[in-house]
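Structure, as structure tokens:
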Amino acid sequence: MRRTLLLTAAAALAVGLAAAPAHAAEVTAPQLVGIAAADGRTFATATTRDPAVLMVPRDGTAYQRWSVVLTTPTVGTRVVNAGTRGCLGISPVTPGPVGAPVVQLPCRNDTLELWRIERSGTDTTVRFVHVRTGLCMTTGITPTPPARLSLQRCANLLDQTYLLVNGV
């Protein structure tokens, strides 16, 4: 049985989430987690063959584990893949921010790879807001594995909400 990080006050203390405004759940210490779709069926997955980050069923590999590291509360959070050591972000050559694919890049301490992780309507889900663009990481309306992640305007949509899962 998987264990989901609950973003309540008690759970926040247990996993090292900073005291933050009610709309934010910022991580202060590195946490190795899976990033699951809100329904828990698919997980953000990186590979060494392709920079795209895909949502696929859980496979238990390091490519589905992400280290969530707060750089500073005012700057953002870096999300690093345990298998590739690449940072979750967007490409500098993306033609426009809306619809830009979410990819993994070599970590460069750049705003292309910084995120705000915010509570998303419940105590158990979060959304990833790209710091530079202000857009949300989005799975898609009807994700059929493998689904590519992209940036879209933030809204209260299920395809922009994620679970941070221990033990992936």
What's the number of the condition N109 fails, among (1) crowded, with 23+ Cβ neighbours inside 10 Å; (2) at positive phi?
-> (1)
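When you look at L112, is it outside any loop (DSSP other than H, G, I, E, B), closer than 26 Å to A62 by Cβ and modelled with pLDDT of 95 or more, yes or no? Outline the logic, then answer.
Values: outside any loop (DSSP other than H, G, I, E, B): yes; closer than 26 Å to A62 by Cβ: yes; modelled with pLDDT of 95 or more: no.
No: the conditions fail for L112.
Which residue is farthest from the chain's Cα centre (by Cα), if the candidates are limited to the stretch 80-98 and must be in a loop (DSSP other than H, G, I, E, B) and modelled with pLDDT of 90 or more? So that I can check it myself, show each step before the final result.
So the first thing to find is which residues in the stretch 80-98 are in a loop (DSSP other than H, G, I, E, B), and the list is 82-86, 91-98.
If we keep only those that are modelled with pLDDT of 90 or more too, we end up with 82-86, 98.
Details: A82: 13, G83: 15, T84: 15, R85: 15, G86: 13, V98: 17 Å.
Only one residue fits best here, namely V98.
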Looking at G167, is it in contact (Cβ under 8 Å) with a residue 40 or more places away in the chain and closer than 16 Å to V68 by Cα?
-> yes
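Residues in the stretch 91-103: is at least one among the hydrophobic types (A, V, I, L, M, F, W, C), free of Cβ contacts under 8 Å to residues at least 40 places away in the same chain, touching a strand residue (DSSP E or B) at 6+ places or on another chain (Cβ under 7 Å) and more than 16 Å from G34 (Cα to Cα)?
no
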Does the stretch 64-72 contain any residue that is touching a residue at least 12 places away in the same chain (Cβ under 8 Å), more than 17 Å from T48 (Cβ to Cβ), over 14 Å from the mean Cα position of the chain (by Cα) and part of a loop (DSSP other than H, G, I, E, B)?
-> no
Expected single match for modelled with pLDDT of 90 or more and crowded, with 17+ Cβ neighbours inside 10 Å among T124, T61, T77 is T77
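Just give me the residues in the stretch 82-106 being farther than 14 Å from T48 by Cα, among the aliphatic types (A, V, I, L, M) and surrounded by 14 or more Cβ atoms within 10 Å (Cβ to Cβ), in sequence order. First the steps, then the outcome.
First pass over the stretch 82-106, keeping only residues farther than 14 Å from T48 by Cα: 89-102.
Still in the list and also among the aliphatic types (A, V, I, L, M): 90, 93, 98, 100, 102.
Selection gives I90, A100, V102.
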Can R119 be described as loosely packed, with under 14 Cβ neighbours inside 10 Å, basic (K, R) and either at negative phi or modelled with pLDDT under 90 (or both)?
-> no
Within the stretch 37-53, which residues are out of contact with any helix residue (DSSP H, G or I) (no Cβ under 9 Å at 6 or more places or on another chain) and either more than 22 Å from R132 (Cα to Cα) or buried (at least 20 other Cβ atoms within 10 Å of the Cβ) (or both)?
-> G40, R41, T42, R49, D50, V53
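The values are calculated or read from the model by the stated rules, or taken from the named source; none is laboratory data. Just so it is clear, the structure is predicted and the values come from calculations on it, not from any experiment. Methodologically, a virtual Cβ is constructed for each residue, glycine included, from the backbone with ideal geometry; neighbour enumeration extends over all protein chains shown.
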